[in-house]
Amino acid sequence: QLRAVQPGFEANGVVTFWQTLPKARYSEVDQQTQFFDKLRAKLSTLPGIEKVGLVSPLPFSGNDQGRTFTIVGHPAPAEGMEPAASLLTTDGAYFPTMRIPLKRGRLFDARDAKETKPVLLINETFARKYFPNENPLGQRVQIGRSEDGPPREIVGVVGTAKHGNLAETGEAEYYLPFAQAPDRYSDIVVRTSEPPPAGLETMI
């Protein structure tokens, strides 16, 4: 029965691997961003590669990262009663690579750089739960406390993908653009032709 469950993404034809950069060599965020930009560009040139994206954490990896948040302009929750949702970091290519549909607005793109306006994507479950009678686009979300950074504007809504396990109903999730929240670690998702190119792991 679980094999018949639709997870909200298409895993067939996708190869994943993770990359952790050594801290001594990639301690600066610009170095981290440049490395993953070059890695994605290199992978995209390999034969049989259709799309390449980044995500952290990967679905079903057991590494969900729940973070509390408040919505600017909404009634403030009591201290300690702030809602929480799973927080992921991605690039704009992650969603088409995994065939997670864009429902409203736009995906992350070159406009979402380190020095530009902080932005956010949410999934449909988040939109239904926290904006039942409002347009979520343009709303601002404060992740954690004000000292954790400025509020982020919602620029898009994507389909809900199961992340913890196939039995879940689909949890509320929000997504940061990798360019605005780089890290030394990321999972890489690669959509390939069928079957994947022989020797892909040695090409990387």
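The values are calculated or read from the model by the stated rules, or taken from the named source; none is laboratory data. Since this is a predicted model, take the numbers as computed values, not measurements. Here the Cβ positions follow ideal geometry from the backbone for every residue, glycine too, while neighbour counts run over all protein chains shown. Remember, those area values only see protein heavy atoms, side chains included, never the ligands or the DNA or RNA. Shrake-Rupley method; radii C 1.70, N 1.55, O 1.52, S 1.80 Å.
Which shape class applies to the stretch 1-108: rounded if a/c is under 1.5, otherwise prolate when a/b exceeds b/c and oblate if not, where a ≥ b ≥ c are the square roots of the Cα gyration tensor eigenvalues? Intermediate results must be reported in sequence, preceding the final value.
Values: a/c = 1.95, a/b = 1.29, b/c = 1.51.
The shape class here is oblate.
Dipole size in debye (nearest 20) for the chain around its Cα centre, Lys and Arg Cβ +1, Asp and Glu Cβ -1?
On the way: 23 positive and 24 negative charges, 65 e Å.
The dipole magnitude comes to about 320 debye.
Can you check what the net charge comes to around Gly62, using other residues whose Cβ is under 15 Å from the Cβ of Gly62 (Lys, Arg +1; Asp, Glu -1)? The partial results should precede the final answer.
Working: positive: Lys162; negative: Asp64, Glu168, Glu171, Asp187.
Cβ neighbours under 15 Å give a net charge of -3.
Can you tell me the relative contact order of the chain? Whole percent, Cα pairs under 8 Å, sequence separation 6 or more. It would help to have the intermediate numbers written out before the result.
Values: 392 pairs, mean separation 74.3, N = 204.
About 36 percent, as a whole number.
Within the stretch 140-177, report the GluC sites (Glu not before Pro) that DSSP leaves as loop and that have at most 15 other Cβ atoms within 10 Å. Please list the in-between numbers first.
Numbers: sites: Glu147, Glu153, Glu168, Glu171, Glu173; in loops: Glu168, Glu171.
Of the GluC sites (Glu not before Pro), the ones in loops of the stretch 140-177 whose Cβ has at most 15 other Cβ atoms within 10 Å are Glu168.
Assign unit charges at the C-beta atoms only (+1 for Lys and Arg, -1 for Asp and Glu), then state the dipole size of the stretch 1-43 relative to its Cα centre in Debye, rounded to the nearest 20.
On the way: 6 positive and 4 negative charges, 33 e Å.
Here the size comes out at about 160 debye.
Hey, any idea what % of the chain's accessible area is carbon plus sulfur with a 1.4 Å probe? Show your work: numbers first, answer last.
Details: 5510 of 10840 Å².
Here carbon and sulfur together make up 51 percent of the probe-accessible area.
Sequence gap of 8 or more, or different chains, plus Cα separation below 27 Å: how many lysine pairs satisfy both in the chain?
18
In nanometres, what is the gap between the two model label sites at Asp109 and Ala167, each 7 Å from Cα along Cα-to-Cβ?
The answer from the label model is 4.2 nm.
His74: net charge of surrounding residues, Cβ under 13 Å, Lys/Arg +1, Asp/Glu -1, itself excluded? Provide the component values of the computation, followed by the final result.
Working: positive: Lys129, Arg140; negative: Glu82, Glu134.
Around His74, the surrounding residues sum to 0.
Could you tally the net charge around Gly53, taking each other residue with its Cβ under 12 Å from the Cβ of Gly53, Lys/Arg +1 and Asp/Glu -1?
Values: positive: Arg40, Lys51, Arg99, Arg191; negative: Glu50, Asp91, Asp187.
Counting the neighbours of Gly53, the net charge comes to +1.
Considering the chain as a Gaussian network with a 10 Å cut-off on Cα pairs, which listed residue, Leu87, Leu120, Leu46, attains the greatest mean-square fluctuation?
Leu46
Exactly which trypsin sites (Lys or Arg not before Pro) in the stretch 100-131 are in a DSSP loop and have at most 13 other Cβ atoms within 10 Å? Don't jump to the answer; show the numbers that get you there.
Numbers: sites: Lys103, Arg104, Arg106, Arg111, Lys114, Arg128, Lys129; in loops: Arg106, Arg111, Lys114.
When the trypsin sites (Lys or Arg not before Pro) of the stretch 100-131 are filtered for loop state and at most 13 Cβ neighbours within 10 Å, Arg111, Lys114 remain.
Given H placed on each backbone N at 1.01 Å, which residues far from Gly8 in sequence or on other chains put an amide H within less than 5 Å of it?
Those qualifying (amide H under 5 Å, at least 5 residues apart or on another chain) are Lys162.
Over the stretch 69-157, what is the mean sequence separation of C-alpha contacts under 8 Å (at least six apart), divided by residue count, expressed as relative contact order in percent? Could you put the intermediate results ahead of the total?
Values: 106 pairs, mean separation 33.5, N = 89.
This gives 38 percent for the stretch 69-157.
Hey, of (i) 1.04; (ii) 0.94; (iii) 0.97, which did the structure itself give for Rg/Rh (Cα atoms, Kirkwood Rh) when calculated?
Read-out from the structure maps to (iii).
Could you state the accessible area per residue of the chain in Å², with a 1.4 Å probe and every protein chain left in place? Don't skip to the end; give the middle numbers.
Working: 10840 Å² over 204 residues.
Per-residue value: 53 Å².
Going by alpha carbons, how many degrees (0 to 90, nearest 10) lie between the helix axis of 29-44 and the longest principal axis of the chain?
The angle comes out near 50 degrees.
May I ask you to derive the relative contact order of the stretch 33-115, considering only C-alpha pairs under 8 Å and at least 6 residues apart, and to give it as an integer percent?
On the way: 70 pairs, mean separation 23.8, N = 83.
Relative contact order here is 29 percent.
At most 16 other Cβ atoms within 10 Å and a DSSP loop assignment: could you name the GluC sites (Glu not before Pro) in the stretch 1-69 that fit? Numbers along the way, then the final one.
Values: sites: Glu10, Glu28, Glu50; in loops: Glu10, Glu28.
In loop regions of the stretch 1-69 (DSSP not H, G, I, E or B), the sparsely surrounded GluC sites (Glu not before Pro) are Glu10, Glu28.
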